[in-house]
1. Output wanted: per-residue J couplings in Hz (rounded whole) for the range 115-126, from phi through Karplus 6.51 cos²θ - 1.76 cosθ + 1.60, θ = phi - 60°, x for Gly and Pro.
2. Once the dipole of the range 3-155 is set up with Lys and Arg at +1 and Asp and Glu at -1 on Cβ about the Cα centre, which of 132, 31, 15 lies farthest towards its positive end?
3. Indicate the gyration tensor shape class of the range 24-106 (rounded, prolate or oblate), computed on the Cα atoms with a ≥ b ≥ c the square roots of the eigenvalues: a/c under 1.5 is rounded; otherwise a/b larger than b/c is prolate and the rest oblate.
4. What chymotrypsin sites (Phe, Trp or Tyr not before Pro) does the range 52-154 have in DSSP loop regions with at most 12 other beta carbons within 10 Å?
5. Among 80-86, 5-11, 37-43, 52-58, how do they line up from the highest to the lowest mean number of other beta-carbon atoms within 10 Å?
6. For the range 3-155, count the residues as N, evaluate 2.2 N^0.38 Å, and divide the Cα radius of gyration by that value, please.
7. Express in whole angstrom the spacing between the alpha-carbon centres of the range 147-165 and the range 1-71.
8. Assign unit charges at the C-beta atoms only (+1 for Lys and Arg, -1 for Asp and Glu), then state the dipole size of the range 1-151 relative to its Cα centre in Debye, rounded to the nearest 20.
Amino acid sequence: MELASYSDYAVRLVNTEQPARGIDTLTSLDAVRELFGPASQSSRRLTDGDLTRLRSVRGRLRSVFEAAAEGDETRTVDLLNALLMEFPVSPQISGHEYRDEDGRPKWHMHIADHAANAGATYTATASMGLAVHLTEYGVDRLGICQATPCRNAYLDTSTNRSRRYCSDRCATRANVAAYRARKRLESGRPEEPADRADERSGRTAEAAHDSSATGER
């Protein structure tokens, strides 16, 4: 596994909470196990303390994405460096799972699990993955969804660095809301309350998604 791919650990952790909606799914050890994934050895060491640790780290990682979304590169790097110093990693060369055509191992860098607890292992992995992703692809590849009230974190992998939303659903919702706002402005009608507009846009986005799925079938 390439180190940059570990950046998804950070995204998954941050998105267990949606502050604007009052949603928090990181409330049990089972939820933490889902973060680690079924193949993780570290999750076998989980304790209640790891749940507390990861909930604390989650806010710090969100701050990294928010600083990047605001274009503050120095703050983004400073926040991430603070996590890297507090949760250092132990890299090692690994050849597991991957083989070339001659059956020889495809050597690659892997993050070893030598941290004091499972929560620290997850944090170190997420922070290192995010750091590698940032240095390889740029700070502007870290973003916060601009569809109100989502605010999920995402990694921009588009070819032209144009991503603004965490998902197609959020992009559709935002586009529908913007279209309706333009129509209201043209007709001189009063602006629709944000919560009502978001609810209507959400229904439209879901309807469009369902219609598309039906057509595909």
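1. Using θ = phi - 60°, the values come out as 6, 5, 8, 5, x, 5, 4, 4, 5, 4, 5, 4 Hz.
2. 31
3. Cα axes put the range 24-106 in the oblate bin.
4. In loop regions of the range 52-154 (DSSP not H, G, I, E or B), the sparsely surrounded chymotrypsin sites (Phe, Trp or Tyr not before Pro) are 98, 107.
5. Going from most to least packed, we get 5-11, 52-58, 80-86, 37-43.
6. Relative to the 2.2 N^0.38 Å estimate, the range 3-155 comes out at 1.07.
7. 18 Å
8. Dipole size: approximately 380 debye.
Read the figures in this text as sums done on the coordinates, not as results from a lab. Predicted model, so just to flag it, every value in this text is computed and none were measured. In this analysis, Cβ positions are derived from the backbone assuming ideal geometry, glycine residues included, and neighbour counts consider all displayed protein chains.
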